[in-house]
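Chemist: The structure's right below; bear with me while I get my questions together.
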Amino acid sequence: MHISALLAFLAPIVANAALPGIDVSSWQGNVDWAGVASRGNKFAYVKATEGGTYKNPYFAQQYNGAYSAGLIRGAYHFAQPASSSGATQANFFVANGGGWSSDGKTLPGALDIEYNPSGATCYGLSQSAMVSWISDFSKTYLSKTGRYPVIYTTTDWWTTCTGNNASFAANHPLWVARYASAVGTLPAGWSYHSIWQNSDQGNPGDSNIWNGDATGLSKFAKGG
């Protein structure tokens, strides 16, 4: 096959192998979801909660609006490990939008565990204590929803604050953040990522890429 013909053949395959999406929080306010969909986005994560008390005031508009626009959407929880237990925060998350259903339009809830925006990088927890906190959150979320949570993190934070613990990789999908031209080295244990947050230019929010095709994303949503 001539090289130009080969490239033409491969183009749609490559285009369908990585689906774009966004994530948003209260910083984005009311989102124009029809516009988000028109730009080719296929999925969205919406911040629901933080710690044990904060609830995104725009959550309903963002979460339901994404669904109405045809996007597969899920909720995420921003962890504050110093303020309360993993179980407490998982219960709070599930009670305020972080649940999951097998309707094919709902992604499993995500635990956003990353740099402390207002204090010590690891929230004052030792590496072993951080691993225990994440495990506590995960086990509680699983018991409430039947799904393991997605883990959102960076390789640097995970290495620093969990000792690059590999025990979560077998059951927890990875949503890795790295603003670069390639996803880079993943945290220990994960041989691949499910979602890559590749920039903060999501128009609105942050830009993400699903590591697969539409069939894979639908299967992931359904729990298959």
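Just so it is clear, none of the values below were taken in a lab; they were calculated from the coordinates. Predicted model only: the values in this text are computed from it and were never measured. Cβ coordinates were reconstructed from backbone atoms using ideal geometry, including for glycine residues, and neighbour counts include every protein chain displayed.
Chemist: With θ set to phi - 60° and the Karplus curve 6.51 cos²θ - 1.76 cosθ + 1.60, what are the ³J(HN,Hα) couplings of segment 154-165 in order, to the nearest whole Hz, using x for Gly and Pro?
Modeler: After applying 6.51 cos²θ - 1.76 cosθ + 1.60, I find 10, 4, 5, 5, 4, 5, 5, 9, 10, x, 6, 4 Hz.
Chemist: If you don't mind, another one. So for segment 28-222: antiparallel DSSP bridges make up what percent, rounded to the nearest 5?
Modeler: Taking every DSSP beta bridge within segment 28-222, about 25 percent pair in antiparallel fashion.
Chemist: Under a Cβ-Cβ cut-off of 11 Å, what is the net charge of the residues other than Tyr179 that fall near it, where Lys and Arg count +1 and Asp and Glu count -1?
Modeler: Value of the local net charge: -1.
Chemist: Report the percentage of all Cα-Cα pairs in segment 28-222 whose separation exceeds 30 Å, rounded to a whole percent. List each step's numbers first, then the result.
Modeler: On the way: 2558 of 18915 pairs.
Above the 30 Å cut-off, segment 28-222 has 14 percent of its Cα pairs.
Chemist: Continuing with the same structure: What shape does segment 39-115 take by its C-alpha gyration tensor, where a ≥ b ≥ c are the square roots of the eigenvalues and a/c under 1.5 counts as rounded, a/b above b/c as prolate, and the rest as oblate?
Modeler: The shape class here is prolate.
Chemist: Here's something else I'd like to know. For the charge dipole of the chain, defined by +1 on Lys and Arg C-beta atoms and -1 on Asp and Glu C-beta atoms about the Cα centroid, which residue among Trp190, Gly216, Ser167 has the Cα displaced farthest towards the positive pole?
Modeler: Gly216
Chemist: Still on this structure, please answer the following. For Val36, Val131, what's the fewest-to-most ordering of other Cβ within 10 Å of each Cβ?
Modeler: Val131, Val36
Chemist: Decide, for segment 80-124, between rounded, prolate and oblate: order the square roots of the alpha carbon gyration tensor eigenvalues as a ≥ b ≥ c, take rounded if a/c falls under 1.5, and otherwise choose prolate if a/b is larger than b/c, else oblate. List each step's numbers first, then the result.
Modeler: Details: a/c = 3.91, a/b = 2.11, b/c = 1.86.
The shape class here is prolate.
Chemist: Note down the relative contact order for the chain as a percent, whole number, built from C-alpha pairs under 8 angstrom at least six residues apart.
Modeler: After rounding, I find 21 percent.
Chemist: Using helices alone, what [θ] at 222 nm do you get for the chain, with -39,500 (n - 2.57) per DSSP H run of 4 or more residues, divided over all residues and rounded to the nearest 500?
Modeler: Details: 7 runs with 76 residues, N = 224.
The per-residue figure over the chain is -10000 deg cm²/dmol.
Chemist: Here's a follow-up. Check which residues have an amide H placed less than 5 Å from Ala110's amide H, if you skip close sequence neighbours.
Modeler: Those qualifying (amide H under 5 Å, at least 5 residues apart or on another chain) are Ala75, Tyr76, His77, Val150.
Chemist: Treating the beta-carbon of each Lys and Arg as +1 and of each Asp and Glu as -1, no other charges, what is the dipole magnitude of the chain about its Cα centre, to the nearest 20 debye?
Modeler: Roughly 480 debye for the chain.
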